[in-house]
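Trainee: Take a look at the following structure, please.
Derivation of every value follows stated rules applied to the coordinates shown; laboratory data play no part. These numbers were taken from a predicted model, which means no experiment stands behind them. Neighbour counts run over all protein chains shown; Cβ positions are idealised from the backbone, glycine included.
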Amino acid sequence: MQISDAAVTADDVELAVRLAVSVLREAPPEAWDAKAGSLEWDCWETVEHLSDDLFAYAAQLGPKVPPMGGEVPFVWESRRPGGPANAVHANREAGPDGLLQVLEACGGLLAAMVRTVSPDVRAHHVFGASDLTCTGRSVVPRFASCSCWS
């Protein structure tokens, strides 16, 4: 995948989320509890983590003065040993449709932040200070990394 130097827009984020949800809706019911490719996580946990990434990117840009030294201090916890540490967890009783709604909601939060926050704003990211271009760009490859079924 070639990555452009052009800024990723809110429309790009919405498109990436819409395409991911469209593909994930096709997953057979048994796929959600299967390992996600080479990860130790199952497909459900992987989509939760993707949702959590979108949420976290948006949250970092929310404070009037975004943090530069660390993440906004949400509680990040794993639901099981070896599972992803997330602030966002989907209610399993809501099933895959509920999980995908969580993904859409978190994508919507990031798209809203990209639309409303000044492009000059910077915030902490584990790999260094991130602007809206870097945040948006880092989202897109994650959608391609989940191979939950063949």
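Trainee: Taking θ = phi - 60°, what integer Hz values does the Karplus form 6.51 cos²θ - 1.76 cosθ + 1.60 yield along segment 7-18, in sequence order, with x for Gly and Pro?
Mentor: Ordered by residue, 3J(HN,Hα) equals 4, 7, 9, 4, 4, 5, 4, 4, 5, 4, 5, 4 Hz.
Trainee: In terms of modelled amide H atoms, which long-range or inter-chain residues lie less than 5 Å from the amide H of Ala87?
Mentor: Correct list: Glu77.
Trainee: Something else: In nm, to one decimal, how far is the Trp76 label point from the Ser22 one, both placed 7 Å along Cα→Cβ?
Mentor: Once both label points are built, they end up 3.2 nm from each other.
Trainee: Right, next: Order 120-127, 36-43, 51-58, 84-91 from most to least packed using the mean count of other Cβ atoms within 10 Å.
Mentor: Ranking, from highest mean packing down: 51-58, 84-91, 36-43, 120-127.
Trainee: How would Glu77, Glu93 line up from fewest to most surrounding beta-carbon atoms within 10 angstrom?
Mentor: Glu93, Glu77
Trainee: Summing Lys, Arg as +1 and Asp, Glu as -1, what charge do residues with Cβ under 13 Å from the Cβ of Ala87 carry, Ala87 excluded?
Mentor: The answer is -4.
Trainee: Using the Karplus equation 6.51 cos²θ - 1.76 cosθ + 1.60 (θ = phi - 60°), what ³J(HN,Hα) coupling, rounded to whole Hz, does each residue of segment 24-32 give in order, writing x for Gly and Pro?
Mentor: In residue order, the calculated couplings are 5, 4, 7, 5, x, x, 6, 5, 5 Hz.
Trainee: Name the residues whose placed amide hydrogens come within less than 5 Å of the amide hydrogen of His125, ignoring near sequence neighbours (fewer than 5 apart) on the same chain.
Mentor: Ser130
Trainee: Using θ = phi - 60° and the Karplus form 6.51 cos²θ - 1.76 cosθ + 1.60, what ³J(HN,Hα) does each residue of segment 35-48 get, whole Hz, x for Gly and Pro?
Mentor: 4, 8, x, 8, 6, 7, 8, 8, 5, 4, 4, 5, 5, 4
Trainee: Taking 0.36 nm per residue of sequence separation and subtracting the Cα-Cα distance, how much length would be gained by fully extending the chain between Ala94 and Ala112, in nm to one decimal?
Mentor: 4.0 nm
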